Each structure stands twice: as C-alpha cells, then as structure tokens.
C-alpha cells in the first residue's frame with residue numbers, strides 16, 4: 001500500500017507543478033458550458049418551458065455539468081495510451097506494482113487536486129445563481145445523493161477508460177479515443193441536454209446504457225428530479241456496469257500485454 | 001494511410017462528431033420552431049459550413065501541429081524547424097493533412113447542399129462571392145486565434161490546454177450569430193473572438209441579409225488578427241530554449 005501512496009503523492013505534487021493546466025481545464029469547461037447555455041437562454045426568450053425544464057432549471061443543469069464532469073471524468077486513455085504507443089509501457093512493467101492500481105492513484109491524485117481548487121469556485125457560482133434568480137433549486141439531501149452517484153460514476157468511468165486505454169495495443173493513434181468519449185458523453189451521458197428534451201423512445205434507449213451514471217443521473221438527484229427511493233436500484237445498476245467494465249478491461253489487458261513489444265537500443 | 005485500423009477509427013470518430021452536431025440541433029428544433037429567427041434548414045447549412053471549416057483546422061493545424069506544440073517546446077524539440085530557412089510560424093503550425101478530417105469535410109458539404117436545397121430561395125452571384133470572401137476572412141481569423149493561443153506555450157511550460165482552448169472557442173461559431181446580439185456577448189464574439197465570421201455571417205449573407213458592414217468588418221479583423229498573431233509569435237518564440245547540448 002505504501003508504494004501506491006507514494007504514487008499518489010508524486011502525482012499530486014506533479015499536479016501542483018503544472019497549475020496552469022488546471023486553469024485551462026476550468027476555462028475549457030466554462031467555454032463548453034457557455035456554447036450551449038447561450039443558445040438555450042436565447043430559446044427561453046420565446047418559450048416558457050422546454051421538456052418540462054424552466055430557464056432556471058436549465059441554467060442550473062448546464063452550470064453543474066462541468067462540476068459533475070470534474071468528479072466523474074477520467075482522461076487516462078490519452079496519456080497512458082500514448083505511452084503504450086510509444087513503447088514506454090516497459091518502464092511500468094518492470095516495476096513491482098500493478099499498473100491499474102498505480103493508474104487509479106494517478107487519476108485520484110489529479111482529481112483531488114482539481115476538486116480542492118474548483119469546489120470553492122463552484123459554491124460561489126451556485127450562491128451567485130441563487131441570488132440572481134432569487135430561488136434555490138439545490139437541496140443538501142439532493143446534492144449528497146448526487147455526489148454518491150458521482151463517486152460510483154467515477155469508478156465506472158475509470159474502468160471504462162482503462163478498457164479504452166488498452167485498445168492502444170492494437171491501434172497507432174490514441175487521440176481519437178478522447179474525442180470519441182466526448183461525443184458519447186455529449187449525447188448518451190446527458191452533457192449536451194437533459195434526457196427530458198428527447199423523445200420518449202430515445203429516453204428509454206439512453207436509460208439502458210451506462211453513460212447516464214456519469215452526468216444525467218447525478219444531476220437528476222441534485223436538481224430534485226430523483227429521490228432516495230431510486231438510490232438502491234441506481235447503485236445496483238452502476239455496480240453491474242462496473243463489473244462488466246472490469247471484465248472487459250482485464251481481458252483486453254491480458255490480450256494486449258501479450259502482443260506488446262518495445263524495441264530500443 | 002499506412003495504419004488502416006487507426007484510420008478507420010479516426011474516420012468513425014469524425015463522423016460521430018458530425019452526427020452528434022446534427023442530433024444536437026435536431027433536439028433543439030424538436031422543442032422550438034426557430035432560433036433567433038433561423039430555421040432548421042438555415043442552421044443545417046450553418047452546421048455544414050462550420051464542419052467544413054472546423055475539420056479544415058483540425059486536419060491542417062491541430063492534430064499534427066498545434067496539439068503537440070506545448071510538449072515539443074517543453075522537450076526542446078523544435079530546433080530542427082528553427083534552423084531551416086523558412087518562416088517558423090507557418091512551419092510549426094501547418095502540416096500535412098490528418099486524412100480523416102479532410103474526408104470528414106464531405107458530410108459538411110453534403111449538409112450545406114441539403115440545407116440550401118430545402119431553403120428554396122434564390123441566391124445572387126454577388127451574395128455567393130461575398131459569402132466566400134467572408135469565409136476566407138473567417139478562416140484567417142480562426143488561424144490567427146488558434147496560433148495566438150498556442151504561441152503562449154512558449155511562456156507557460158507544458159500548458160497542453162492552450163491549443164485546445166482555441167479549438168473550443170471555435171465551437172461558438174456553430175451557433176447562429178443573433179444569439180450573441182446583446183451586450184458583452186456581442187462585443188466578445190463580434191470583436192474579441194470573432195468566430196461568427198467562420199460560418200454564421202457567411203450563411204447569413206447567403207440567405208438572410210446582405211450587410212456591407214459585416215464584409216468590411218470581416219476583412220479588417222482578418223488583417224488585424226493576423227498582424228497581432230505574427231507580432232505575438234515573433235516575440236514569444238524568442239523565449240524558446242533548446243534542450244540539446
């Protein structure tokens with residue numbers, strides 16, 4: 001356990017070293033949120049509600065999307081996939097530790113650093129929003145339930161991303177993986193719009209997939225659309241998906257590492 | 001094209017991105033009939049043009065050049081470019097195309113053609129010319145913005161987010177420009193980050209209104225932004241230090 005704590009400490013320090021990347025992440029998330037928000041605010045000038053969502057609820061939804069993303073997002077495939085592609089995996093293989101646990105510690109360290117910086121900003125933003133609209137949509141109970149799902153969603157996303165990372169054993173470019181995930185979460189996870197904006201058929205389809213646990217479901221709890229009575233079923237569902245992702249990730253690792261070759265002088 | 005599996009994955013991802021954009025606006029127009037006076041088919045043409053321009057930037061600038069620039073600077077890896085008797089800015093920012101992106105322009109052209117056919121409105125030859133001129137100005141502005149942001153990598157070590165930041169800002173170009181018609185948003189997207197000239201204004205010149213002010217503004221901003229970026233690049237590149245002995 002000591003060695004994994006060491007990895008955690010190293011990556012936490014490394015996050016501190018490149019603080020400008022965190023500022024970049026915040027600006028990037030704000031830009032992404034702004035593109036969508038500006039359009040919907042314009043639409044609400046002529047509509048009272050859309051898909052049962054009022055303007056204040058829609059604004060809260062899109063403002064919270066980046067925050068949820070900071071907890072549930074995992075961007076391991078880009079970095080680790082590149083290391084596989086460049087033949088740098090060998091340095092990990094020779095070390096006496098399990099790569100997936102080391103990677104988990106790496107992601108966790110970066111996440112905790114990011115959250116510690118972003119959380120105060122978000123609390124201020126939500127207070128500002130409540131003052132601006134003179135109404136509050138968030139309850140402590142809803143936020144706590146949402147955060148619980150977020151944590152489970154983070155673990156699910158970690159193993160999903162790990163499975164995607166191991167695909168680098170068979171491909172020569174990993175940039176497209178990150179892009180691929182952004183699109184999938186954009187549509188199927190609820191980043192681009194709440195499921196209520198969709199037709200009933202599409203809503204039913206999207207509810208069958210695991211991506212809803214990364215954005216839409218936590219947001220539903222936070223905005224009070226989902227109560228504690230759904231929690232057990234949601235956690236059960238997420239656990240099943242985590243099990244599936246773990247199986248896929250480990251199967252891909254077993255196959256990939258046998259195929260892996262690094263050549264150098 | 002040597003790595004066929006990767007190529008098909010890249011192509012699939014680019015097509016998915018286009019599918020996502022269409023789906024997004026389909027959902028929007030499933031709930032409302034117009035957005036700031038723009039119909040679905042006008043927006044479809046706008047998305048098509050935006051895809052063409054965006055994929056051009058991804059394919060020629062971003063994937064093989066700007067995305068990797070912060071890391072190359074950190075590793076002191078741009079020496080070989082600096083010693084060549086060529087313009088460093090163009091040499092470090094323009095590359096051979098990322099093929100998947102170039103192919104992904106085709107659906108963009110298709111959307112433009114489909115949107116135009118459904119709008120069913122005569123368009124004059126002059127309007128087409130103005131629209132093409134403003135698109136070229138928009139591409140110049142977009143290039144200047146992307147390179148401007150990326151050139152800050154010479155100051156902030158390993159700031160991998162900088163090239164992404166420019167690309168993210170370009171996404172504002174996918175909305176019809178009237179959504180940015182108030183106060184601070186107007187100032188930001190008409191003058192500071194004028195991404196509305198990439199696709200929205202050219203679409204507007206074709207189907208909505210011939211506004212001479214937009215044409216003058218587009219040409220002026222293209223010249224201004226390019227001048228600022230060249231100056232910025234030549235100042236910031238002096239901060240580069242090689243990693244080799």
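Things to note:
- Only Cα sites of region A:1-59 enter the Debye sum here, all with the same form factor; the resulting log10 I(q)/I(0) across q = 0.27, 0.28 1/Å is -1.02, -1.04, listed in q order.
- Within 10 Å of the Cβ of each residue in A:82-88, the mean number of Cβ atoms contributed by other protein chains is 0.
- Placing R0 at 25 angstrom, the Cβ-Cβ distance between residue B:71 and residue A:248 gives a FRET efficiency of 0.25 after rounding to 0.05.
- For region A:2-258, convex hull volume per residue from C-alpha positions, Å³: 142 Å³
- Rg/Rh for the protein assembly as shown, where both radii come from Cα atoms and Rh is the Kirkwood radius: 0.96
- Taking the fewest neighbouring Cβ atoms within 10 Å as the starting point, the ordered list for B:209, A:79 is B:209, A:79.
- Nearest-0.05 FRET efficiency for residue B:39 and residue A:148, computed from C-beta distance (R0 41 Å): 0.40
- Stokes-Einstein D for region B:33-148, Kirkwood Rh over Cα pairs, 10 °C, 1.306 mPa s (µm²/s): 97 µm²/s
- Estimated FRET transfer efficiency when R0 is 30 angstrom, pair residue A:17-residue B:79 (beta carbons, to 0.05): 0.80
- Within 10 Å of each Cβ in A:36-42, the average number of Cβ atoms from other chains: 6
- Its residue count N sets the reference 2.2 N^0.38 Å, and the alpha-carbon radius of gyration of chain B equals 1.07 times that reference.
- 222 nm mean residue ellipticity, helices alone, for chain A (DSSP H n ≥ 4; -39,500 (n - 2.57); rounded to 500): -24500 deg cm²/dmol
- Residue A:133-residue B:128 pseudo-label distance in nm [points 7 Å out on the Cα-to-Cβ vector]: 4.8 nm
- Alpha carbon centroid spacing (whole Å) that separates region B:123-168 from region A:69-135: 29 Å
- Each part gets one Cα centre, and for region A:1-49 versus region A:154-205 those centres are 17 Å apart.
- Relative protection proxy for B:139-145, A:119-125, from highest mean packing down: B:139-145, A:119-125 (other beta-carbon atoms within 10 angstrom).
- Taking the number of Cβ atoms within 10 Å of each Cβ as an exposure proxy, the fewest-first ranking of A:129, B:129 is B:129, A:129.
- Shown for A:161, A:182, A:130, A:86: other C-beta atoms within 10 Å of each C-beta, ranked fewest to most, produce the order A:86, A:130, A:182, A:161.
- Relative contact order computed over region B:4-239 (Cα-Cα under 8 Å; 6+ residues apart), in percent: 27 percent
Readers should treat all values here as calculations from the given coordinates under stated rules, not as data from a laboratory. Here the structure is a predicted model, which is why all the values come from computation and not from measurement. Every residue, glycine as well, gets a Cβ built from its backbone with ideal geometry; the counts of neighbours run over all protein chains shown.
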